[in-house]
1. Count charges around Ser127 for me, please; just the other residues with Cβ under 13 Å from its Cβ, Lys/Arg as +1, Asp/Glu as -1.
2. Strictly over 20 Å apart at the Cα level, which of Lys51/Lys310; Lys320/Lys345; Lys288/Lys310; Lys16/Lys84; Lys72/Lys215; Lys203/Lys382 would you flag in this model?
3. Going by alpha carbons, how many degrees (0 to 90, nearest 10) lie between the helix axis of 348-363 and the longest principal axis of the chain?
4. Calculate, in whole percent, how much of the Cα-Cα pair population of region 117-190 lies beyond 16 Å.
5. To two decimal places, what compactness ratio does region 29-165 give when its Cα radius of gyration is scaled by 2.2 N^0.38 Å?
6. Please give the direction-averaged projected area of the C-alpha convex hull for region 220-269, in square nanometres with one decimal.
7. Show the residues, 5+ positions off or on another chain, whose built amide H is closer than 5 Å to the amide H of Thr378.
8. Each label point is 7 Å from the Cα along the Cα-to-Cβ direction; what then is the distance between the points at Arg191 and Thr75, in nm?
Amino acid sequence: MNTALINTIKNSFIAKFQIEPVMVFSPGRINIIGEHTDYNDGFVFPAAVNKGIVIAIGKSDSSISTAFAFDKQETIAFSLKNIKPLAQGSWQNYILGVVAEIQNRSKIVGNFNILFGGNIPSGAGMSSSAALENSVVFGLNEIFNLGLSKHDMILISQKAEHNYVGVKCGIMDQYASMFGIENNALLLDCRTVKSKPFEIDFKNHELILINTNVKHSLSDSAYNDRRSVCESIAGMLNVKALRDATEYDLESIKDKVTDENYQKALYVIQENDRVIKASKAIENRDLKALGSLIYASHDGLQNQYKVSCKELDFLVEQAKLNSHVLGARMMGGGFGGCTINLIAKTETESFKSQVSESYKNKFNLNCSIYSVELSNGTGLIKYN
Ligand code: GLA
């Protein structure tokens with residue numbers, strides 16, 4: 001956790017509102033493998049990281065609540081009665097959405113002030129939105145003693161995203177951000193919403209993220225479209241979700257769906273299988289096998305599920321040219337953001353400079369490269 005960030009958020013809150021706040025940290029996440037499987041009731045393999053959102057929050061005696069986004073220096077004041085999403089809202093809708101979804105559960109939220117900031121690069125596919133939602137619901141639960149469990153909280157965060165942001169996301173991001181465990185990744189079953197932790201120590205290899213620094217528009221509508229294709233094919237197969245279907249089942253309706261949609265469903269079925277294989281590879285310390293699964297995941301996301309973009313594909317191609325990178329793939333929803341790369345530690349520095357240069361030459365744009373530590377999930381920040 002970043003002490004400078006925590007102090008900035010806390011001191012800015014105190015300067016504005018003259019009371020000691022409750023402080024909460026909620027992390028972003030990476031995902032080793034299992035993309036677009038969560039809303040198909042499938043498996044994913046995320047981990048919380050040491051970058052995230054810090055909030056300072058406290059009760060207010062006023063008849064309105066205020067939220068202040070420190071990084072943007074923007075503020076919103078709102079009444080708790082009749083909350084609605086803002087048509088032009090961005091971060092505001094995450095906060096309004098969480099409040100509204102808590103109210104929908106017949107819990108009473110009083111007026112409050114909140115100030116937040118973070119260090120997750122925006123648009124990186126590292127779930128700054130889930131981190132913000134989780135930190136807000138966690139903070140409100142704390143100051144108003146709402147009695148919500150962490151499971152209740154992630155469902156509230158997810159609903160806020162569905163109803164106030166308009167993205168029909170699965171549960172991976174909110175879960176990983178809330179339940180992360182230091183040095184572990186979580187093999188999460190998105191149907192039971194239960195996970196098994198795997199300690200991640202790749203010895204002489206490590207995971208690094210390379211951010212394309214692009215986020216193509218229309219990603220939200222493309223996301224929702226993918227989800228409805230999956231649901232309609234599950235319906236045709238008479239199963240609850242694609243998690244319940246096999247490639248063989250899918251074959252039986254091949255002539256009833258377009259080839260594009262067939263490939264999308266096939267991707268989901270295969271990716272789900274790859275997640276389980278990846279967990280076995282980690283157990284067996286077989287990093288080559290893990291790396292091949294990661295490359296195969298990208299191939300499916302690019303060619304079957306069609307959620308990649310030329311910048312992500314280029315970074316994965318660069319990784320493939322280097323035999324010390326065992327696997328690379330786009331991470332998160334797609335259409336921009338980061339690739340995740342499994343690389344030999346001794347080669348990281350030279351790969352970083354090579355890839356930065358070739359990316360710059362190709363797109364006239366800088367990529368950013370990060371190492372992350374796997375961290376604990378959402379919680380109170382204790383300070384004196
Ligand atoms: C976004 C969503 C998640 C998940 C990923 C793709 O991050 O919020 O629920 O679907 O995309 O795996």
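The values are calculated or read from the model by the stated rules, or taken from the named source; none is laboratory data. None of the values given here were measured: they were computed from a predicted structure. Ideal geometry is used to build each Cβ from the backbone, glycine not excepted, and the neighbour counts take in all protein chains shown. Just the protein is used for accessible areas: all its heavy atoms, side chains included, with ligands, DNA and RNA removed. Shrake-Rupley method; radii C 1.70, N 1.55, O 1.52, S 1.80 Å.
1. With Lys, Arg at +1 and Asp, Glu at -1, the neighbours total -3.
2. Result: Lys51/Lys310; Lys288/Lys310; Lys16/Lys84; Lys203/Lys382 exceed 20 Å.
3. In the chain, helix 348-363 runs at an angle near 90 degrees to the longest axis.
4. So the pairs more than 16 Å apart make up 51 percent of the total in region 117-190.
5. That ratio works out to 1.04.
6. Averaged projected area of region 220-269's Cα convex hull equals 3.1 nm².
7. Under 5 Å from the amide H of Thr378: Met178, Phe179, Gly180.
8. Going by the 7 Å Cα→Cβ label model, 5.0 nm.
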